[in-house]
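Below is one structure, written out as structure tokens, with a few remarks after it.
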Amino acid sequence: MLLDFHSEIYSWIRGGLFVLFIYHLLIFFQNKSKLYLYYSLFLLAMTIYLVQHVVSDSFSGFYDYFNFSIQFLAYAAYVGFARDLLDTRTHMLRWDKYFELVSKVLVALAVIFIVIQFFLGYDFQIKAFTIVAPLLSIFTFVVFYFILAEIKDNFSRYFVIGGLIYLILTNVSYLEVFIGSDYFAKHGVQPMFFMYLGVILQSIIFSIIIGFTIKRIEQKSKNAEVRLAVKLKEMEELKMTALQSQMNPHFLFNSLNSINNFVIKNDVEKASDYITKFSKLIRVILNSSSSPTSTLSEELGILALYVKLEQMRVSGGFDYKVNIDNKLNLENIKVPPLFLQPFIENSIWHGIMKKEGEKTIELSIKEKNGNVLCLIIDNGIGYNKTQEETHLSQKRKFYGAKATENRIRILHQNKDVQINVRDISSDSNTGTEVSISFPLN
């Protein structure tokens, strides 16, 4: 069986090499990596070289000219594959220039052997090859030694193992030149069987290496994506923290101004009560400021303290109503700290403060189409009237509200975040409605 090149084992090896050539060529067209181009060219050249054993005599003239040249071109592609796989430009810079030189020498030898055939014949090619082949083998052994010495990773070891298997078995086949084919025939095997065996074993090992290389690249890409996502999240948290740190002084200034008003009016009892509530509120705010988010339950607790302070400041006070959908789990809903406070503040100081009589602010929180919908409705003078009187135009949201809007959008990456302000005044009633909608999850 091992004496007949038409037997199944030889056919399977030739077919396997051709299939591997097609596979890696398709990968090259997909990702344009020279690694796959060089390896597919090596496989193609070796397939063409081995096919000579089963083609008709009409192709004998072709192989007289190109038999050795095909091998040189295969080895040139092999060197290019090794340079890309081992990244010698990074890990073996001083050797990389020699590898590049060897590639050029091999291509030159392919041309020279064609010229030799043209002028001197095939027998002279064989004599020339008996000189060149040992030199190439020695160079390869030296290169493998330095690869193991300088590159300490599994890929280089597997590459060397695959290369050595091919090199040793190929040199066994080349012994035919020195000892003749009869010695192999006595043992029931073709001399070229060892090259067949070497090239298929090497190809299997190299295909496994390439597979692991792809996996490693994909893993690096995933790791890079994860690191990028973490960094982006950190950046967004920093943005939220920056906005929050700018918004809090705005709130503190207004509160301290209220305390000052009580002191000016010599209302010691109210000033003391206000300071007590204010200190409690500040303590709660400071406890929540360490995180860029808080639960909606915590937010409503802080908001309740804030409203109690504002009810003390507003002449005659005001009613504050909260309606919460029972379906919502407030502990699981994450929001930026103090995200409702600026809107409630606007309702108080630019809505109900300018209205006589009963003053009411109503906060409703419910689920709508997979979103959390927060509605703040006051019976103040109305959004349109506020604009006319204060000439604020687009500044109606003020800094605190605008900063909060930005924080909500950052937290949810602008996905389905809607914040709208509209005047709900009619002939008999006045008021403003603020709607804040953001994803439930």
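The values are calculated or read from the model by the stated rules, or taken from the named source; none is laboratory data. Predicted model, so just to flag it, every value in this text is computed and none were measured. Backbone-built Cβ (ideal geometry, glycine too); neighbour counts: all protein chains shown.
Across segment 327-379, the number of residues qualifying as among the β-branched types (Val, Ile, Thr) and in a loop (DSSP other than H, G, I, E, B) comes to 1.
Could you list all residues from segment 132-153 that are assigned to a helix (DSSP H, G or I) and of a type in the set (A, V, I, L, M)? Hits for segment 132-153 are VAL132, ALA133, LEU135, LEU136, ILE138, VAL142, VAL143, ILE147, LEU148, ALA149. Somewhere in segment 301-312, is a residue of a type in the set (Phe, Trp, Tyr), out of contact with any Gly (no Cβ under 8 Å at 6 or more places or on another chain), closer than 24 Å to VAL372 by Cα and modelled with pLDDT of 75 or more? Looking through segment 301-312, at least one residue is of a type in the set (Phe, Trp, Tyr), out of contact with any Gly (no Cβ under 8 Å at 6 or more places or on another chain), closer than 24 Å to VAL372 by Cα and modelled with pLDDT of 75 or more.
Any idea which residue in segment 418-433 is modelled with the lowest pLDDT, counting only those that are more than 22 Å from ARG407 (Cα to Cα) and among the charged types (D, E, K, R)? First the steps, then the outcome.
Just the residues of segment 418-433 that are more than 22 Å from ARG407 (Cα to Cα), to begin with: 423-432.
When the remaining residues are screened for being among the charged types (D, E, K, R), the result is 423, 427.
Numbers: ASP423: 91, ASP427: 81.
Here the answer is ASP427.
In segment 154-184, the qualifying residues are those that are small (Gly, Ala, Ser) and in a helix (DSSP H, G or I), and the one that is nearest to LEU3 (Cα to Cα) is SER173. Is it true that ILE27 is at pLDDT below 90, within 26 Å of the chain's Cα centre (by Cα) and of a type in the set (A, V, I, L, M)? The answer is yes for ILE27.
Taking segment 87-143 as the range and being under 19 Å from TYR174 (Cβ atoms), hydrophobic (A, V, I, L, M, F, W, C) and touching an Asp or Glu at 6+ places or on another chain (Cβ under 9 Å) as the test, no residue passes. In summary, ILE116 fulfils each of the numbered conditions (1) under 19 Å from ALA74 (Cβ atoms); (2) surrounded by fewer than 18 Cβ atoms within 10 Å (Cβ to Cβ); (3) without any contact (Cβ under 8 Å) to a residue 24 or more places away in the chain with the single exception of condition (2). Is it fair to say PHE5 is over 30 Å from the mean Cα position of the chain (by Cα), modelled with pLDDT under 85 and either of a type in the set (A, V, I, L, M, F, W, C) or outside any helix (DSSP H, G or I) (or both)? The answer is yes for PHE5.
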